[in-house]
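The values are calculated or read from the model by the stated rules, or taken from the named source; none is laboratory data. These numbers were taken from a predicted model, which means no experiment stands behind them. Cβ atoms come from the backbone with ideal geometry, glycine included; neighbour counts cover every protein chain shown. Heavy atoms of the whole protein, side chains included, go into the accessibility calculation; ligands, DNA and RNA do not. Shrake-Rupley method; radii C 1.70, N 1.55, O 1.52, S 1.80 Å.
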Amino acid sequence: PVGFTAQVNTLIAMASDRGMYALVDWHQLNPGDPNYNLALAKQFFTDIVTSNQHRDNVLYDIANEPNNVAWQGIRDYAVELIPVIRTIKNDAVILVGTQDWATFGGSGNGSVQEVVNNPVPFDNVMYTFHYYAASHQDFYRSILTDAADKLPVFVTEWGTQLYTGDGDNDFVSSQAYIDLMKQKQISWISWNYSDDMRSGAVWQQGTRRTNNFSDSQLKEAGMWIKDQILLGR
C-alpha cells in the first residue's frame, strides 16, 4: 500500500503540473461491498488527501463500482468515509459510486429513486454512472436522464464497445450518450488510457515500448474519443 500510494501521489503531481484534473478512484469489484475494506480506504484517503490538500484540481471517487450491495450499504460507507476526507480538505469534491456497478441499479434491482430518497448527507458530492455504449443502450440512457434531472451526476467511466471493454465499437449509441451528456452538462471520463489488447484501450499495443504517442498509434475508439474531447473544448 505504501508503494502504490506514493505512485498515486506521483501521478497526481504529474497531472497537476500539466494543468489537468486528477480523479483518484478507490476501485473495488470483489467483494463489491465497499464496507469490507473501509479501514483500508480510510487510511488510503487520509494519506492521499493529506499529501494533496493544497491542490484544488483533485477529485475523490470513494467507491468505484459497488456491486452486490444495496444503496443503503453504499451510503453507510460514504457517511463513514467522507468525514475522513473533509476533515483534511473541507471543500474537496467527492464522488460516490451507485449501486449495481455504478448504474443507479440499472444492472441489478436498484433505482435512481433510492438515491433521491436517501442521499448522502454532505454538500459538494456527485454520484457516478458507468456505461458501455454497445451493451448499455436506451434503457440505460433513460436511467442517466432520470438521474441527471434529480442529482449531480458524473460519468466516471464509459466506452464505445461492450461492457468488457472489448468488441466492436458502437459509435451510434456512443454519440447518443455524448449528446445526452452535453445536453445535461454531465462531465465524463472515458476508459481506458492504455495500450492493452482490448478495443477499448485507446492506444495500439506496443505504444508504450515505442514511446510514440501520436494519432497514428490511436485505435479507432481512441481517435473517436479524442475528437469528442476536441469538439467539447
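With the highest mean first, a sort of the peptides 147-153, 100-106 on other beta-carbon atoms found within 10 angstrom per residue produces 100-106, 147-153. Largest first, the extents of the alpha carbon coordinates of region 122-178 on the three principal axes equal 40, 18, 15 Å.
Please work out how many pairs of lysine residues in the chain are eight or more positions apart (or on different chains) and have Cα atoms closer than 17 angstrom.
Taking the chain as the scope, the lysine pair count is 4.
The order of LYS89, LYS182, LYS226 by accessible area, most exposed first and with a 1.4 Å probe, is LYS182, LYS226, LYS89. Heavy-atom surface analysis with a 1.4 Å probe gives region 138-224 a carbon and sulfur content of 50 percent of its accessible area.
Phi angles across region 57-74 convert, under the Karplus curve 6.51 cos²θ - 1.76 cosθ + 1.60 with θ = phi - 60°, into 3J(HN,Hα) values of 9, 9, 10, 10, 9, 7, 7, 5, 9, x, 8, 6, 8, 6, 4, 4, x, 5 Hz, Gly and Pro given as x.
Using the alpha-carbon centroid of each, what span in Å lies between region 56-78 and region 186-218? If we compute the Cα centre of each part, the gap is 27 Å.
For region 108-233, the solvent-accessible area works out to 54 Å² per residue, with a probe of 1.4 Å and every protein chain left in place. Rg over Rh for the chain works out to 0.95, both radii taken from alpha-carbon positions and Rh defined as the Kirkwood radius. For region 1-116, the fraction of 1.4 Å probe accessible surface lying on carbon and sulfur atoms is 54 percent. Take each peptide in 21-33, 51-63, count the other Cβ atoms within 10 Å of every residue, and average; sorted highest first, the result is 51-63, 21-33.
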